[in-house]
Amino acid sequence: MAANNRRMSGKKGAQIGSGGKRRRGLEGKGPTPPAEARKGHVKNRLANAKAKQTQRRTAAKSRGKSSSELVVGRNPVFEALRDGVPATALYVQQFIDNDERVRDALKLAADRGGIHLMEAPRPELDRMTNGLNHQGLVLQVPPYEYAHPEDLPAAAYDEGDEPLIVALDGVTDPRNLGAIVRSVSAFGGHGVVVPERRAAGMTAGAWKSSAGTAARTPVARVTNLTRALEAYKKAGITVVGLAADGEHTVGELAALDGPVVIVIGSEGKGLSRLVGETCDYRVSIPMPGGAESLNAGVAAGIVMYEAAARRARR
């Protein structure tokens with residue numbers, strides 16, 4: 001009988017004193033997780049919602065920042081430095097021929113300060129520029145930090161002014177964008193709004209055309225221009241579109257006296273259909289000389305001058 005008990009003691013299964021349960025079943029599941037980690041708990045739902053909100057903000061912030069840019073070649077690099085284009089690093093090829101343009105670029109970078117001077121072998125510069133003819137000089141321009149469209153009228157009201165904003169619809173030439181930024185700055189405007197897609201952004205070319213005014217005139221970027229204009233309208237800002245077949249002329253539109261967004265379309269196509277329908281007014285610039293259209297930068301300057309002149313007479 002004792003031998004039989006010894007044989008039975010090696011059997012798998014429930015043991016005496018286990019209450020009929022297997023030993024593994026008696027092992028605990030560990031400490032109770034915090035409420036934030038328990039699925040279905042109210043604190044878990046709140047934590048998930050907060051995490052998603054943080055992700056959305058991070059994504060929005062990354063969309064509001066363009067990628068870094070490289071200016072390539074001795075003359076372009078020199079001109080960018082001379083015209084005040086922001087830069088973080090100047091890459092110089094090892095054993096480069098030290099001509100006048102190279103010396104001038106190095107001096108400008110050193111005088112400005114905050115620009116890292118980096119020496120690199122030619123193959124490395126070839127890789128950075130994807131084989132472009134860099135001539136031994138490559139300037140790195142930092143990503144442009146775009147404003148939020150709501151920041152533009154808010155800044156105007158903070159200064160005790162009524163918003164004067166320019167929005168661009170289909171303007172794809174960075175030089176036109178820079179010229180418009182320059183006009184907005186010259187005539188007391190509060191910023192420029194550009195679409196995220198199929199539109200010029202604040203590149204080195206736009207910085208150069210702005211003649212330094214991009215440093216003090218904010219540019220906001222939006223995913224949908226029509227929605228942004230509708231939001232401005234709800235905030236009490238009049239939206240005025242510039243169109244060759246506009247019902248009013250720039251000189252007779254009293255709405256330019258108050259809070260206004262002036263929308264300028266592309267040179268060839270003008271305003272898109274949805275943007276045109278969103279405008280409260282559509283105005284034209286009289287051209288007795290018979291020209292069919294004006295450059296977007298020139299048109300912006302004319303309308304901004306008229307708006308500034310009206311405001312000065314109030």
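Considering only residues in the stretch 268-296 that are part of a loop (DSSP other than H, G, I, E, B) and under 23 Å from the mean Cα position of the chain (by Cα), the one that is surrounded by the fewest Cβ atoms within 10 Å (Cβ to Cβ) turns out to be 272. Of the candidates 299, 255, 312, the single residue that is buried (at least 21 other Cβ atoms within 10 Å of the Cβ), over 20 Å from the mean Cα position of the chain (by Cα) and part of a helix (DSSP H, G or I) is 299. When the stretch 198-215 is filtered for residues that are part of a loop (DSSP other than H, G, I, E, B) and of a type in the set (Lys, Arg), only 198 remains. The residues listed here are 169, 173, 151, 158; of these, the one that is open to solvent by 30 Å² or more (accessible area, probe 1.4 Å), more than 30 Å from residue 106 (Cα to Cα) and touching a residue at least 24 places away in the same chain (Cβ under 8 Å) is 151.
The values are calculated or read from the model by the stated rules, or taken from the named source; none is laboratory data. As the structure is a prediction and not an experimental result, all values here were calculated from the model. Every residue, glycine among them, receives a Cβ derived from its backbone with ideal geometry; neighbour counts consider all protein chains shown. Surface areas here come from the heavy atoms of the whole protein model, side chains and all, with no ligands, DNA or RNA. Shrake-Rupley method; radii C 1.70, N 1.55, O 1.52, S 1.80 Å.
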